[in-house]
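Everything below concerns the one structure shown next.
Just so it is clear, none of the values below were taken in a lab; they were calculated from the coordinates. Note that this is a predicted model, so its numbers are computed, not measured. Glycine also receives a Cβ, built like all others from the backbone with ideal geometry; neighbour counts cover every protein chain displayed.
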Amino acid sequence: MRISAKADYAVRAAAELASAGEDPVKGEKIAEAQDIPLQFLEHILLELKHARLVRARRGARGGYWLAKPAEEIRLADVIRAVEGPLANIQDLAPESTDYPGNSERLSEVWIAVRASLRRVLERVTVADLRDGRLPPEVLELTEDEGAWVTR
């Protein structure tokens, strides 16, 4: 599973906006705080705006802010806004795949992978990141020593 820079930056930008409350934050400030290229960030913020997760105002007193409370924005929402579905296989939903012969059960594997991603990304909110806390069931996954090993 590969998390793109776009998804990573989107989640980090949302966490920055969560800490500002309803005060507009300039894109430059977010980019600097999270070391994100500004031009790339501006495109990401536009996608988050189209997904109705972020609001924007132009001008000297303008900037970006979350469109709803940070407690209501799950990481899955942010990632879907910039990347689409969490787990697609060659642009198909896992349940739409069909494999022959010895690979017949692979669809179920892909569905389980999607369920695992959802189990984490739909439980963690932007507020959790802002507040430096994670749900216990997510933290429990990090306690497995194998989780910290790159393979």
Worksheet, complete the sentence: Here the tail fraction of P(r) beyond 20 Å, over all Cα-Cα pairs of the chain, rounds in percent to 55 percent
Item to complete: Take each uninterrupted DSSP H stretch in the chain, measure its Cα extent along the helix axis, and return the ones at 30 Å or beyond whose mean Kyte-Doolittle hydropathy is at least -0.5.
Response: none
Worksheet item: Rounded to the nearest 0.05, what FRET efficiency is calculated for Glu28 and Val113 with R0 set to 30 Å and r the Cβ-Cβ distance?
Response: 0.20
Discussion item. Multiplying the sequence separation of Ala67 and Arg55 by 0.36 nm and subtracting their Cα-Cα distance, what value in nm do you get?
Written reply: 3.8 nm
Discussion item. Cut-off under 17 Å on the C-alpha distance; same-chain residues fewer than 8 positions from Lys49 excluded. Which lysines are left, in chain and number order?
Written reply: Lys6, Lys26, Lys68
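Average projected area of the Cα convex hull of segment 1-83, in nm²?
If you wrap the Cα atoms of segment 1-83 in a convex hull and average its projections, you get 5.0 nm².
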